[in-house]
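Chemist: Shown below is the structure under consideration.
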Amino acid sequence: MTQLTSKQKKSWAKTLFINEHLTQKEIAEKVGISAKTMSKWISSEKWETLKTSLTITREEQLANLYRQVAAINESIASRNSDNRFANSKEADVINKLATAINKMEQETGLVDVVSVCKKILKWTRTTDPGKAKELSVLFDTFIKELLK
């Protein structure tokens, strides 16, 4: 068997970290890297954030963003009537949240793509296991491209 490059090991470790319920140590052993390297990759590449974003549905993310906007607006509304306007910092945060909400509502989220791919693979395995293997490779490549 050929040796994996560092880039291939990192990609494999990332996939295992995001999709499997394994400890960092288990992943490091499986991939053939040190626990220190594994920890460094998770930290420097923000894999925890990615894993969280993939496990939270788009609807949950949108609800969180809307709650944040509502909280800011409630804070502004609770002020004296002569001071019920957003300051520059609040306006900036509201603008950024609105942009994030708009982007999420317009785009198909990665979670949705992964979910659909899984459903297609599950269905295909029952009718044509060979085709499911082919699709699995294509879906994996497609999802990796989306992560770039």
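Chemist: Looking only at segment 1-19, how many residues end up being closer than 26 Å to Val111 by Cα and exposed (fewer than 11 other Cβ atoms within 10 Å of the Cβ)?
Modeler: Residues flagged as closer than 26 Å to Val111 by Cα and exposed (fewer than 11 other Cβ atoms within 10 Å of the Cβ) within segment 1-19 amount to 1.
Chemist: Give segment 73-102 a look and list any residue that's part of a helix (DSSP H, G or I), surrounded by 10 or more Cβ atoms within 10 Å (Cβ to Cβ) and of a type in the set (Lys, Arg), or say none.
Modeler: Selection gives Lys96 alone.
Chemist: Filter segment 20-59 down to the residues that are closer than 30 Å to Ile101 by Cβ and surrounded by 13 or more Cβ atoms within 10 Å (Cβ to Cβ) and list them by number.
Modeler: Ile42, Glu45, Trp47, Leu50, Lys51, Ser53, Leu54, Ile56, Thr57, Arg58
Chemist: Condition check: surrounded by 14 or more Cβ atoms within 10 Å (Cβ to Cβ), within 23 Å of Lys10 (Cα to Cα) and within 23 Å of the chain's Cα centre (by Cα). Does Ile143 satisfy that?
Modeler: Yes.
Chemist: Whether any residue in segment 114-130 is touching a residue at least 40 places away in the same chain (Cβ under 8 Å), surrounded by 10 or more Cβ atoms within 10 Å (Cβ to Cβ) and outside the structural domain of Leu16 (by TED's automatic domain parsing) is what I want to check.
Modeler: yes
Chemist: Are any of the residues in segment 36-46 of a type in the set (A, V, I, L, M, F, W, C), assigned to a helix (DSSP H, G or I) and within 22 Å of Leu110 (Cβ to Cβ)?
Modeler: yes
Chemist: Considering only residues of segment 34-58 that are aliphatic (A, V, I, L, M) and touching a helix residue (DSSP H, G or I) at 6+ places or on another chain (Cβ under 6 Å), which is nearest to Glu145 (Cα to Cα)?
Modeler: Top of the filtered list is Leu54.
Chemist: Is it fair to say Ala63 is surrounded by 11 or more Cβ atoms within 10 Å (Cβ to Cβ) and part of a helix (DSSP H, G or I)?
Modeler: yes
Chemist: Also, quick follow-up: Considering only residues that are among the small types (Gly, Ala, Ser) and modelled with pLDDT of 90 or more, which ones fall in segment 12-54?
Modeler: Passing the criteria: Ala13, Ala28, Gly32, Ser34, Ala35, Ser39, Ser43, Ser44.
The values are calculated or read from the model by the stated rules, or taken from the named source; none is laboratory data. Here the structure is a predicted model, which means the values were calculated and not measured. Note that each Cβ is placed from the backbone with ideal geometry, even for glycine, and that neighbours are counted across all protein chains shown.
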